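The values are calculated or read from the model by the stated rules, or taken from the named source; none is laboratory data. Since we're looking at a predicted model, the values are computed, not measured. Reconstructed Cβ throughout: ideal geometry from the backbone, glycine too, with neighbour counts over all protein chains shown.
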Amino acid sequence: MRDETRFEITVTVNGAARRLRVPARRLLSDCLRHDLGLTGTHVGCEHGVCGCCTVLLDGRPVRSCLTFAVTVDGSKITTVEGLAPGDGRLSPVQRAFAECHGLQCGFCTPGFLCTVTALLADNPAPTEDEVLEGISGNLCRCTGYQNIVKAVHRAAELRAEES
Amino acid sequence: MTTKLFGEPVQRREDHRLLTGGGRYVDDLGRDALAAAFVRSPHAHARIRDIDVTAALDVEGLVAIYTWDDLPERVGRPLPLLIPHPALTHGRTALPLARDVVRHVGEPVVMVVATDRYAAEDVCARIEVDYEPLKPVVGPEQAVSGVHLVHDDVPGNVGAHLVQEVPGPDGRGAREAIETAPHTLSFRLDIERSAATPLEGRGVYARWDGRDLRVYSSTQTSTSVRMAVSAVLGVPLPQVEVIAPDVGGGFGVKIVHPWPEEILVPWAAMTLGREVKWTEDRREHFVASAHERGQVQHVRVGFDDDGRLLGLDVTILHDHGAYTPYGIIVPIVTSTQLLGPYKVGAYRVEFSSLYTNTVQVTPYRGAGRPQGVFCMERTMDKIARRLGKDRAEVRAANFIQPEDFPYDQGMTFQDGRPLIYDSGDYPRMLRMLKELIGWDDFERAPGRGIGIGCYVEGTGPGPYEGGHVQITSDGQVHVSTGLTSQGQGHETAFAQIAATELGVPIERVSVVTGDTRRLGYAVGTFASRAAVVSGNAIALACRKVREKALRVAADALEADPADLEITEGVVHVAGAPQASMPLSTVAVLANPLRYAFDEETARATQFAGAADPNRPPVAEGDEPGLEGREFYSPIRCTFAAGMHAAIVETDPDTAEIRIVRYAVVHDCGNLINPMIVEGQIHGGVAQGVGGALYERMVYDEHGQLVNASFMDFLMPYATEVPHVETAHLQTPSPLNPLGIKGAGEAGVIPVSAVVASALEDAEGIPIDRMPISPSELFHLRTSGR
Amino acid sequence: MKPPPFAYHAPRDLGEALRTLAEVRGKVLAGGQSLIPMLNMRLAEPSDLVDINRVAGLDRLERTADGVVVGATVRHADAERARAHPLLTRALKLVAHPVIRNRGTVVGSLAHADPAAELPAVLAVLGGHVRVARWDGGVAVRDVPAAGFFAGPMEPAIEPGELAVSAFFPALRPGTGSAFLEIARRHGDYALAGVCAVVTVDDGRVATARAACIGVGPVPVVVDVGPACTGRPPGEADWAGAAALVREAAEPEDDIHATAAYRGHLVGVLAERALRDAAREGAAARAG
Ligand SMILES: Cc1cc2nc3c(=O)[nH]c(=O)nc-3n(C[C@H](O)[C@H](O)[C@H](O)COP(=O)(O)OP(=O)(O)OC[C@H]3O[C@@H](n4cnc5c(N)ncnc54)[C@H](O)[C@@H]3O)c2cc1C
Ligand code: FES
Ligand code: FES
């Protein structure tokens, strides 16, 4: 089998420009995890259902397992590693998850954090139904979602307090 | 003890790293490792005629291809059968790679190693295996017919057959008691197959440096993987280390060991002299790990006018899939835990554990209990219905009473010990539940029903766990235990125990689990045993260290150890705070080797008393350092209990089913961290809701798993899980120093029973099979009314 | 679960895209939310992938008096936000989950032609069309009406070498209400069965009524239920009779999630509910 063509791409990941050469079929999830070493983005199904691999692409949550790295050339990506403000503190969403015990094994957590961060940016004070709809594409096998829902409301409060 | 953290909802210490992408799961390690992938059988049952790899040889990135023929003799043997049982007369385990026959879709046939997973899959796609299909056996009833065999040498497909009988108070057997009972019922109950399905699949990563082998595995038991790897690969135990790093959920499936991949990946690493990693993908997890739950149960019951059980006779067909690596734990647990909080009179239970051409069955959270509880609780509801009595009242009439403890059910439990319940208060628990859900005021309406389910769960089985505690000269407390964590918050709960026992701030305590470098002897995380067994071991180790700290400090402070206390990490004479010494100093003093590496050591030398030149520096029976190791080995299980209730609503036209309220009363003895326990219950209930309304493994008649994806195996999202209301009762266990019982599996156990109960109430149709979908409810309505 | 290798093309303009497609006959990559799962599972192994996401001009959503034209790279989420068409907006909320909708495209959903997908039914019930282009020395386009576009399950009437460049969703006439109801196993899953309905009320009476159903046949089934309900005030029309017509037209099949009988039953129930809802909305629109 012939060597695969590699494509040169530049992506801004968590604020830093990264230049890479990737085969066309390289999934963004693998590119982040294995090429860039950002292993916080997890992979739970590779067919778009679990949401573990959710990252922010130009501010919007997307499935990195259903995105080819080559197609995001020139985009901005935020992964779980880039959610905290950077001064050693956690973002309101991260803090709310800790406070409300919104995680157990932590495998689904990065996907939830990215999804919820975007949800609250869009809708700073979601209703219960909007919270459920907002996280409805992310599976968690550990928490039964009770405390995740709580954490989303709490994160909305924390954001409001801080702005 | 002033630093009282035991019992507090302390925030989790593992969270910071997990929230910032700092978790380290197996696939996050070994970035430069070679990748393994497997060619797996597409057939449920077939003979392998030929394996042709020629088309794969020129794939870019290929490193190695292995079939069974390539394995050395000791590696190619059948995998170990972990828990033999006399009734398991025909136990069979798989080979790491199939040799001549494959027995389920997904069985590994060829192992491929390549530069990355993409290339490895390219290679797999080009390997041609020629199969001669054989007749598959699918489902327990086809198995029991014995027409076709899964294993040629297992007649009737029966792996195990066991009859257990407990005579009633009058000495009569169950069948006799039922014959003469005022009322009898008989019926059949079915639970379908499901699976644990953690979001992180399995994974193994191995490094070999020519002498030492290090294996990382996403496992629930690193110590046992280590022993297995050492034994199978022939590497001396001291040269093998196994580490369970962060694990993305287990729920039972990761207790099985060694998986074929846990043998093959280290073997390939040794053979190639390269790091090798295998990360299970979702499709593999569906067809190549393990399932559970599938069981058919025939029940006959005799009872009196008050609904009191006189005799219960249960016959179980248990489908254990193609192999029995984990013995027959699941049907044994079903047949014993079925008894629940009740006195059943005379009891007879018989099970046949059967081979089918499907994925093997090993425990999944609850481990046979959901089936048993479904059986018993459906029985209670049917008795109530027959007698026209309140369902809660019938249950109460059969309860073991608080004064009956310890209560001997007269059977042998999964740990091989007598099934003796240690403590509990079931009548009180029922009162709490009725109040929480509003049982007595419930307004029944068409399409609206209420249901209830009770269970008792044996938790914290032995044989043992260990705890090691070390206080270093910087005053830090390092705790380790051998069992592993998959999200249960052990780093927090165990730190709470240590901080409380030692009187130190929790910030100074760090906990390591599942690393065989730190503690080589451990059993594993399953059967709701971590908190009970490791928790107590750690408490004992802390007590030992505390005692030594007091002794050393007493010497230096010229005080009586009995007058000393430890507060906030400082040892001081009670009532005389100026006579004190921080634990950091005590740690230095505890080691006669007093090189002044740091200020603390330098400072500590001033306390060193004059040594007696006629005695060795380390006294006989003593050890240098402020550390201690203790093992806790429970005499038998402790018995947690719970009762759940639900209100469901059904749509009269579409047959949609909605759980509108879900209430839990739970008793796991003393709570170490109520927040964590609550979280375990939430998660369990959600898995239970999945099992009741959404999740099933659907095999077609060819033995193909037709829904092997998250698109079609319907794990609930947040939108499918009801709000869960909880209340706690605490009846401490008299069996262990901390008075705790396990909580890990509790939430999932009664959910199918509770939902069935509520649905039956709403619909007036017997619900005897779970899970149930709207389509199935629709058909029950049209045929049942 | 890693995709097989393929040659990748990322044309910048429509001409280049069509020439590439004419040459390599590859698969079109739009949002990738259906295609990439199939690649990851190696259920599809195209030699070439033509990524249309960088093709200029395909990301436009245009509203005219006649209706809405949605370009091939307009994401579900953007179409939803634009609120350009009430029935389309409703249907979009039922497509998968918000995160999938951030990538998935409206035209991709049509081109994918899943029998359980929502958007094909919307196009069909409205009588819209898909504009398909190919290279013929220049850009050659043809408009394929919905009735002919869905040729079979996952079989759109797009020839090899062609690209769907946009879809046209006709506007609702004044006095027209719409509804989309479906039952899925989990929120966001493909529906077991679903019905969308469009009812026009004129002078207080039902003037036209159409429904399309999903999940109960190889392609979205459109039924003109006018014969059962026109000429009467919405409150008095025989919606049950109208629903029976929809149900008769459905050809449900069994699968692991539901039986054919249940699906057929659901279509009847949902059709009646959807038609009533649409009529109520139509009457209110007329009144307001
Ligand atoms: C978890 C999950 C749940 C989902 N649930 C639903 C649901 O409930 N309802 C639903 O409708 N969909 C659902 N989907 C599918 C989703 O809506 C897809 O995005 C959509 O069907 C396809 O759009 P796309 O742009 O992603 O197309 P792609 O995946 O890029 O392409 C799909 C197919 O269409 C072809 N194609 C795409 N665009 C064109 C074009 N312009 N011209 C010619 N051919 C083209 C491609 O070649 C390919 O064969 C779900 C997907 C996931 C992952
Ligand atoms: S890994 Fe991407 S959605 Fe599951
Ligand atoms: S915390 Fe384990 S899957 Fe969500």
For this session: Give the number of residues within segment C:12-52 that are of a type outside the set (A, V, I, L, M) and within 13 Å of another protein chain (Cβ to nearest Cβ).
Result: 15
Exercise. Within segment B:456-492, how many residues are among the hydroxyl-bearing types (Ser, Thr, Tyr) and either within 14 Å of another protein chain (Cβ to nearest Cβ) or within 16 Å of ligand 3 (Cβ to nearest atom) (or both)?
Worked result: 3
Problem set entry | Residue satisfying all of: in segment C:144-185; aromatic (Phe, Trp, Tyr) and under 18 Å from C:Val221 (Cα atoms); nearest to the other protein chains (Cβ to nearest Cβ) among these | C:Phe180
Problem set entry | Meets criteria (assigned to a loop (DSSP other than H, G, I, E, B), outside the structural domain of A:Cys108 (by TED's automatic domain parsing), in contact (Cβ under 8 Å) with a residue 12 or more places away in the chain and away from ligand 2 (no atom under 13 Å from the Cβ)) for A:Leu38 | yes
For this session: Would you mind finding the one in C:Ala242, C:Ala171, C:Ala249 that is free of Cβ contacts under 8 Å to residues at least 40 places away in the same chain, surrounded by fewer than 20 Cβ atoms within 10 Å (Cβ to Cβ) and hydrophobic (A, V, I, L, M, F, W, C)?
Result: C:Ala249
Exercise. Looking only at residues in segment A:117-140 that are within 16 Å of ligand 2 (Cβ to nearest atom) and touching a residue at least 24 places away in the same chain (Cβ under 8 Å), which one is nearest to the other protein chains (Cβ to nearest Cβ)?
Worked result: A:Gly137
Exercise. What's the number of the condition C:Ala197 fails, among (1) closer than 20 Å to C:Ala244 by Cβ; (2) surrounded by 24 or more Cβ atoms within 10 Å (Cβ to Cβ); (3) within 13 Å of chain B (Cβ to nearest Cβ)?
Worked result: (3)
Problem set entry | Residues located in segment A:19-49, provided they are within 16 Å of ligand 1 (Cβ to nearest atom) and closer than 21 Å to C:Ala44 by Cβ | A:Ala24, A:Arg25, A:Leu27, A:Leu28, A:Ser29, A:Val43, A:Cys45, A:Glu46, A:His47, A:Gly48, A:Val49
For this session: Report yes if some residue within segment A:6-18 is more than 11 Å from chain B (Cβ to nearest Cβ) and crowded, with 24+ Cβ neighbours inside 10 Å; otherwise report no.
Result: no
For this session: Collect the residues in segment B:614-629 that are buried (at least 19 other Cβ atoms within 10 Å of the Cβ) and among the charged types (D, E, K, R), keeping them in residue-number order.
Result: B:Glu627
Problem set entry | Condition broken by C:His112, with the remaining ones in (1) under 13 Å from the mean Cα position of the chain (by Cα); (2) closer than 20 Å to A:Leu27 by Cα satisfied | (2)
Seminar exercise, completed: Filtering segment B:281-315 for residues that are within 16 Å of ligand 2 (Cβ to nearest atom), charged (D, E, K, R) and under 19 Å from B:Arg193 (Cβ atoms) leaves a count of 3
Exercise. Restricting attention to segment B:117-163, which residues are closer than 23 Å to A:Asp30 by Cα and surrounded by fewer than 18 Cβ atoms within 10 Å (Cβ to Cβ)?
Worked result: B:Ala125
Seminar exercise, completed: Filter segment B:715-736 for residues that are in a loop (DSSP other than H, G, I, E, B) and in contact with a His (Cβ under 8 Å, 6 or more places away or on another chain); the one that is surrounded by the most Cβ atoms within 10 Å (Cβ to Cβ) is B:Tyr717
Seminar exercise, completed: Per the filter on segment A:48-59, residues within 15 Å of ligand 2 (Cβ to nearest atom) and either surrounded by fewer than 20 Cβ atoms within 10 Å (Cβ to Cβ) or in a loop (DSSP other than H, G, I, E, B) (or both) are A:Gly48, A:Val49, A:Cys50, A:Gly51, A:Cys52, A:Cys53
For this session: Any chance you could count how many residues in segment A:79-111 are within 11 Å of chain B (Cβ to nearest Cβ), in contact (Cβ under 8 Å) with a residue 24 or more places away in the chain and touching a Leu at 6+ places or on another chain (Cβ under 7 Å)?
Result: 13
Problem set entry | Residues located in segment A:141-160, provided they are surrounded by 24 or more Cβ atoms within 10 Å (Cβ to Cβ) and more than 11 Å from chain B (Cβ to nearest Cβ) | A:Ala155
For this session: Give, as residue ranges, the strands (runs of 3 or more DSSP E) completely inside segment C:43-130 that count at least 2 residues that are within 16 Å of ligand 3 (Cβ to nearest atom).
Result: none
For this session: May I ask you to say which residue of C:Gly188, C:Gly137 is in a loop (DSSP other than H, G, I, E, B), within 14 Å of chain B (Cβ to nearest Cβ) and not charged (D, E, K, R)?
Result: C:Gly188
For this session: Would you check which residues across segment C:18-42 are in contact with a Pro (Cβ under 8 Å, 6 or more places away or on another chain) and either modelled with pLDDT under 95 or closer than 24 Å to C:Ile100 by Cβ (or both) and list them?
Result: C:Arg25, C:Gly26, C:Lys27, C:Ile36, C:Leu39, C:Asn40, C:Arg42
Exercise. Can you tell me how many residues in segment B:240-280 are touching a Leu at 6+ places or on another chain (Cβ under 7 Å), under 14 Å from B:Gly203 (Cβ atoms) and either small (Gly, Ala, Ser) or in a loop (DSSP other than H, G, I, E, B) (or both)?
Worked result: 5
Exercise. Among the residues of segment C:211-256, how many are in contact with a Ser or Thr (Cβ under 6 Å, 6 or more places away or on another chain) and at pLDDT 95 or above?
Worked result: 0
For this session: Search segment B:382-403 for residues being hydrophobic (A, V, I, L, M, F, W, C) and in a helix (DSSP H, G or I), and hand back the single one that is farthest from the chain's Cα centre (by Cα).
Result: B:Leu387
Problem set entry | Failed criterion for C:Arg83 (all others in (1) closer than 20 Å to C:Ser178 by Cβ; (2) touching a strand residue (DSSP E or B) at 6+ places or on another chain (Cβ under 9 Å) hold) | (2)
Problem set entry | Only one of C:Ala278, C:Ala285 that is over 22 Å from the mean Cα position of the chain (by Cα), assigned to a helix (DSSP H, G or I) and buried (at least 17 other Cβ atoms within 10 Å of the Cβ) | C:Ala285
For this session: Give B:Val26, B:Val10, B:Val53 a once-over and let me know the one that is buried (at least 24 other Cβ atoms within 10 Å of the Cβ), touching a residue at least 12 places away in the same chain (Cβ under 8 Å), more than 9 Å from chain A (Cβ to nearest Cβ) and of a type in the set (Val, Ile, Thr).
Result: B:Val26
